[in-house]
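Single-structure report; data block below.
The values are calculated or read from the model by the stated rules, or taken from the named source; none is laboratory data. None of the values given here were measured: they were computed from a predicted structure. Cβ placement follows ideal geometry from the backbone for every residue including glycine, while neighbour counts extend to all protein chains displayed. Ligands, DNA and RNA are stripped out before the accessible areas are found, and what is left, the full protein with its side chains, is counted by its heavy atoms. Shrake-Rupley method; radii C 1.70, N 1.55, O 1.52, S 1.80 Å.
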Amino acid sequence: MTTTADLRDHALRVAMEVDPALLTGEQAAVAVEDLAMAEKALGGTMLFLALRVAKTSAWQGRGFKTAADWLASVAGISVHEAHRHLGTARKAENLEKTKRAMREGKVSPGQADAVTDAASADPSAEDDLLDLAERDTTRNLREEAARRKAAATDSATRERRIRRERSVRRYTDVDGAFNLHLRGPAAVGTRIEALLRPHEEQAFRTGRADGVRDTFENRSYDAFIGLLGLGPDAAVEPVESAGPAADRARPAAKAPGGSNVKVIVRIDHTALLRGHTIAGETCDVAGLGPISVESAKDLMGDAFLAAVVLKGRDVVNVAHLGRGPNAFQRTALEAAGTGCTNIGCNRTVNIQIDHRTPFATDPVTKLDNLDPLCSGNGGCHDLKTHHGHELEPGTGRRRLLPPDHPDHPRNRRATERVSSPLGRADQPTLC
């Protein structure tokens with residue numbers, strides 16, 4: 001049996017011998033996939049071993065105050081992260097499928113943290129979350145895990161605790177940059193989002209017209225400054241003035257073009273009637289996360305909110321003859337998720353609604369024929385429209401396949417024609 005010392009020595013030899021410059025791009029990609037699986041498997045094993053050290057107090061006498069301090073020093077991570085690792089291993093001990101997935105290198109310690117946190121509150125969520133961990137991004141895994149945990153726990157109690165712990169932290173980092181960290185209930189975040197988004201849209205439109213290609217974070221910063229009424233110049237240089245009055249903040253800016261943003265609350269009809277969620281039910285704000293039913297009811301009275309009561313009106317079969325989705329269809333799409341449909345993409349801004357079957361071919365806009373895709377040069381919508389990429393069959397988040405991928409619908413259709421007993425590859429095919 002290979003010992004951990006042998007494994008350590010072998011890993012060090014591999015690290016020293018592998019020269020990326022000698023590999024082709026494809027070879028490097030395969031090597032990264034191999035190492036990523038090994039890293040996840042070894043990372044999970046290390047967590048369980050570290051938990052054993054903590055349980056047996058073997059860390060004592062080594063000059064550390066706690067087991068987390070010892071693990072942080074050995075692994076080269078923060079004490080906060082070490083605490084999370086130990087907590088993940090402790091919860092995974094009671095979740096056999098998750099423990100096996102960690103040992104097989106199917107989930108990373110970070111993914112396992114999200115799965116165990118939710119599955120400890122709702123064991124029925126374990127299979128779904130492990131499946132999501134393998135096929136979707138870690139960001140979406142964490143969002144779904146938060147929803148599943150919130151549905152199975154007392155959301156109102158959690159919100160009251162967060163309210164008591166509300167805070168704003170201000171500090172200057174090592175680069176001399178000012179940092180602001182705001183923490184509070186998600187329901188408050190919906191109102192902040194509704195105030196910010198028109199300014200973000202204006203920043204995007206202005207930048208595009210001027211040829212400026214700022215990042216989303218750049219535009220969000222400018223939007224926040226605009227919301228406070230400080231103006232764009234305040235972020236660059238002080239206002240010239242002979243007196244101290246110039247240092248005062250300008251009046252709060254009016255939302256450009258009016259408030260054309262809606263924040264969507266999604267809630268199961270049964271939870272709305274009951275007054276709280278149970279495992280498997282939904283009550284959240286699209287793009288922000290879970291909230292209590294009590295907060296959802298409070299938010300429904302706000303004019304900028306759209307409430308989508310699940311299991312209520314059937315939105316799947318709604319269709320009309322215009323090219324773009326109508327207001328009801330757009331709300332349904334936004335409620336399903338504000339991000340790009342491509343499962344390998346995390347973008348949630350600059351989203352364009354794409355017709356799966358081109359509108360020129362079928363000039364009817366149906367909800368089940370629409371997919372949100374990120375736009376812009378190199379965006380997923382551009383890849384699909386101009387470069388032959390295509391979403392795999394199905395609904396919801398899924399792969400956007402390049403033209404040469406064997407699973408590309410066009411290639412699968414060609415393969416099916418070749419293998420069909422009714423025809424041969426060397427015979428002409430009518431298209």
*Is it fair to say ALA5 is without any contact (Cβ under 8 Å) to a residue 12 or more places away in the chain and closer than 29 Å to ARG84 by Cβ?*
yes
_Checking ARG205 against (1) surrounded by 12 or more Cβ atoms within 10 Å (Cβ to Cβ); (2) in a loop (DSSP other than H, G, I, E, B), the condition it does not meet_ = (2)
*Does segment 122-137 include one or more residues that are over 28 Å from GLU294 (Cβ atoms) and of a type in the set (Ser, Thr, Tyr)?*
yes
*Is there any pair with a first residue in segment 263-284 that is on the phi > 0 side of the Ramachandran plot and assigned to a loop (DSSP other than H, G, I, E, B) and a second that is of a type outside the set (S, T, N, Q) and open to solvent by 50 Å² or more (accessible area, probe 1.4 Å) whose Cβ atoms are under 9 Å apart and which are 6 or more apart or on different chains, and what are they?*
GLY275/GLU294; GLY275/LYS297
_Return the residues of segment 30-59 that are among the polar types (S, T, N, Q) and either open to solvent by less than 60 Å² (accessible area, probe 1.4 Å) or under 14 Å from ARG8 (Cα atoms) (or both); say none if nothing qualifies._
THR45, SER57
*Single residue of HIS386, HIS405 found to be surrounded by 15 or more Cβ atoms within 10 Å (Cβ to Cβ) and not small (Gly, Ala, Ser)*: HIS405
*Name the residues in segment 161-194 that are open to solvent by 100 Å² or more (accessible area, probe 1.4 Å) and not aromatic (Phe, Trp, Tyr), would you?*
ARG163, ARG164, ARG166, ARG169, ARG170, VAL174, ASP175, LEU182
*For THR348, indicate whether it is surrounded by 14 or more Cβ atoms within 10 Å (Cβ to Cβ), of a type in the set (Val, Ile, Thr), in a helix (DSSP H, G or I) and at pLDDT below 80.*
no
*asked:* If PHE178 meets every condition in (1) farther than 30 Å from THR157 by Cα; (2) within 20 Å of the chain's Cα centre (by Cα); (3) at pLDDT 85 or above apart from one, which number is that one?
replied: (2)
*Take the residues of segment 60-86 that are of a type in the set (Gly, Ala, Ser) and either surrounded by fewer than 14 Cβ atoms within 10 Å (Cβ to Cβ) or in contact with a strand residue (DSSP E or B) (Cβ under 7 Å, 6 or more places away or on another chain) (or both): which is nearest to MET46 (Cα to Cα)?*
GLY76
_Just checking: which of the helices (runs of 4 or more DSSP H) contained wholly in segment 88-160 hold 2 or more residues that are open to solvent by 60 Å² or more (accessible area, probe 1.4 Å) and not aromatic (Phe, Trp, Tyr)?_
96-103, 126-135, 138-152
